[in-house]
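Below: one structure, written as structure tokens.
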Amino acid sequence: MRGAPPEDIGQLLNMVSNAYSYRVNKCGPVANGVFWKDQDGQMLRYELLLQVIEDADLSGPISVNDLGCGYGALFDLLADQPMMLGGRYYGYDISPKMIEEAKVRHTDSRASFIESPIATEVADYSFVSGTYNMNLGSRRDIWGDYVKTSLARLWEKTAKAMAFNMLDAASPVRLINLYYADRNEFVEFAMSLSPEVEIIDDYPLSEFTIYVKRI
């Protein structure tokens, strides 16, 4: 009989790290290797996150934090954009295997990949895509508190805006070992960071995206 998941966040994150390391070893540096159903959904999520970037910054240069970067797919999307000409990208992940894959795939001097559960550098924009989805059946209150703490720490390293997505608790279909968030709870949390908050939920995935902007 399967035991209850640990309530200690350090142990939980270690289990999540192991799951992602196993997955990328098995599938390689592709969308399925980070538990996404397909590349189209992965790219749609990134495109929505990037819409938080101000028009004045589209010509760059900007700096970016990517928390839960996996093998660096977001940098693939950003690398040839004008906004990254002379810009900086910092990718963070708790899986050493993911960081290893990212470093092999990206030798661009603008990109740094760091094994860490938190952002260590201040950047103009911070992004989180799917990072909080897998909770391996942990208690909702424990995981929810962890997510809020993580986002608050990322906000401290964000100069202009932060964007993140989460699975929606209103979804009629839920998979085990995943965390489905209450949108109202996280909008309220986001507004404790800044009054400039916007939720995006009109796209064909059972989730929502939240923008938090500096005023």
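The values are calculated or read from the model by the stated rules, or taken from the named source; none is laboratory data. If you're wondering where the values come from, they're calculated on a predicted model, not measured in any experiment. Here Cβ is always computed from backbone atoms with ideal geometry, including for glycine, and neighbour counts include all displayed protein chains.
Checking Met83 against (1) farther than 23 Å from Thr209 by Cα; (2) more than 17 Å from the chain's Cα centre (by Cα), only one condition comes out false. Which one?
Going through the list (1) farther than 23 Å from Thr209 by Cα; (2) more than 17 Å from the chain's Cα centre (by Cα), Met83 breaks only (1).
Just to be sure before I move on: is Ser171 in contact with a helix residue (DSSP H, G or I) (Cβ under 6 Å, 6 or more places away or on another chain), in a loop (DSSP other than H, G, I, E, B) and modelled with pLDDT under 95 in the structure I sent?
So Ser171 fails the test.
Of the residues in the range 38-85, how many are assigned to a loop (DSSP other than H, G, I, E, B) and either surrounded by fewer than 23 Cβ atoms within 10 Å (Cβ to Cβ) or polar (S, T, N, Q) (or both)?
The number of residues fulfilling the criteria is 13.
Tally up the residues in the range 119-162 that are touching a helix residue (DSSP H, G or I) at 6+ places or on another chain (Cβ under 6 Å) and not aromatic (Phe, Trp, Tyr), please.
Taking the range 119-162 first, the residues touching a helix residue (DSSP H, G or I) at 6+ places or on another chain (Cβ under 6 Å) are 119, 126-127, 129, 132, 134-136, 138, 146, 148, 155, 162.
Applying the additional criterion that residues be not aromatic (Phe, Trp, Tyr) yields 119, 126, 129, 134-136, 138, 148, 162.
Matching residues across the range 119-162 total 9.
I'd like the full set of residues that are among the aromatic types (Phe, Trp, Tyr), under 12 Å from Met98 (Cβ atoms) and either surrounded by fewer than 16 Cβ atoms within 10 Å (Cβ to Cβ) or modelled with pLDDT under 75 (or both), limited to the range 1-37.
Correct list: Tyr22, Phe35.
When you scan the range 86-121, how many residues do you find that are outside any helix (DSSP H, G or I) and either among the hydroxyl-bearing types (Ser, Thr, Tyr) or without any contact (Cβ under 8 Å) to a residue 60 or more places away in the chain (or both)?
So the answer is 23.
Among the residues in the range 138-153, are any crowded, with 16+ Cβ neighbours inside 10 Å and touching a Ser or Thr at 6+ places or on another chain (Cβ under 6 Å)?
no
Identify the single condition in (1) among the hydrophobic types (A, V, I, L, M, F, W, C); (2) in a strand (DSSP E or B); (3) without any contact (Cβ under 8 Å) to a residue 12 or more places away in the chain that Met191 does not satisfy, given that it satisfies every other one.
The failed condition is (2).
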